[in-house]
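A.B. asks: Could you have a look at this structure, given as structure tokens, before my questions?
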Amino acid sequence: MQTSEPVPPDAPDPSSAAADFDGLFEHTSPTLFAWASLRVGATLRGRVDAEDIVQEVWVRARANFTSFDAQTSAFRPWLLGIARNVVLQAIEHHEREVRVPRDGGGSRFNFSRIPDEATAVSRRVARDEGLRKLLAWIESLPSDERMLVVLCGLEGKTCASAGQRLGVSNEAATKRWQRLRARLADQRAPADWLA
């Protein structure tokens, strides 16, 4: 008769880690979907959509969740780092396809095999009518304001950093972001949606 080895008392419970991940991801998924919707530029539209990115990020983040350390980083920036990599890989794939087209046109970026759990989360977020209306409003903003929403609101960058990216002073970026935050509140953006 085989006996199983005792589990050390400080060993992480895999089912608990999966539950932690699922809860964190579920909470952050509207932000991730919004980020992906705003970051997928005209170049990738039609080849990659926000739902694809959310699903791929779910797969990669869940596989690497043991590397997430809540003591050194918040979940949102960690997750958006993974999302950035997914988008960059999709862009690289698209650029290769443009340089060396295959017979029959370009191919879509190959994503991982997506489990039902990831699909359920991405579909639920994509069907959220309030989020869709908010994203449509953000898409109607001038490009520099849209970028401020992405950089300061979703990614949590400082106004100084966003200002450098946009070619404006820290003071100008700060004032614009303050006005945008007020307008986002008028659009009923969820308070925890922004960084």
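A.B. asks: Could you check segment 87-178 for helices (runs of 4 or more DSSP H) lying wholly inside it with 1 or more residues that are modelled with pLDDT under 90, more than 26 Å from LEU24 (Cβ to Cβ) and aromatic (Phe, Trp, Tyr)? Show your work before the answer.
C.D. replies: On the way: elements: 116-126, 129-139, 143-148, 159-166.
Correct list: empty, since no element meets the threshold.
A.B. asks: Is it the case, given these coordinates, that ASP52 is open to solvent by 60 Å² or more (accessible area, probe 1.4 Å), at pLDDT below 90, assigned to a helix (DSSP H, G or I) and of a type in the set (Asp, Glu)?
C.D. replies: So ASP52 does not fit the description; no.
A.B. asks: Anything in segment 179-195 that is loosely packed, with under 15 Cβ neighbours inside 10 Å and either among the aliphatic types (A, V, I, L, M) or in a loop (DSSP other than H, G, I, E, B) (or both)? List them, or say none.
C.D. replies: ALA182, ALA185, GLN187, ARG188, PRO190, ALA191
A.B. asks: Pull up segment 120-167, narrow it to residues that are within 19 Å of ARG188 (Cβ to Cβ) and over 19 Å from the mean Cα position of the chain (by Cα), then point me to the one that is surrounded by the most Cβ atoms within 10 Å (Cβ to Cβ).
C.D. replies: Per the stated criteria, the residue is LEU141.
A.B. asks: Do you know which of the residues in segment 3-44 that are modelled with pLDDT of 70 or more and open to solvent by 50 Å² or more (accessible area, probe 1.4 Å) is nearest to ASP192 (Cα to Cα)?
C.D. replies: The residue in question is HIS27.
The values are calculated or read from the model by the stated rules, or taken from the named source; none is laboratory data. Just so we're clear, the structure is a prediction, and the values are computed from it rather than from any experiment. A quick note on method: Cβ atoms are made from the backbone with ideal geometry, for glycine too, and the neighbour counts reach across all protein chains shown. Note: accessible area is taken over every heavy atom of the protein model, side chains too, but ligands, DNA and RNA are not part of it. Shrake-Rupley method; radii C 1.70, N 1.55, O 1.52, S 1.80 Å.
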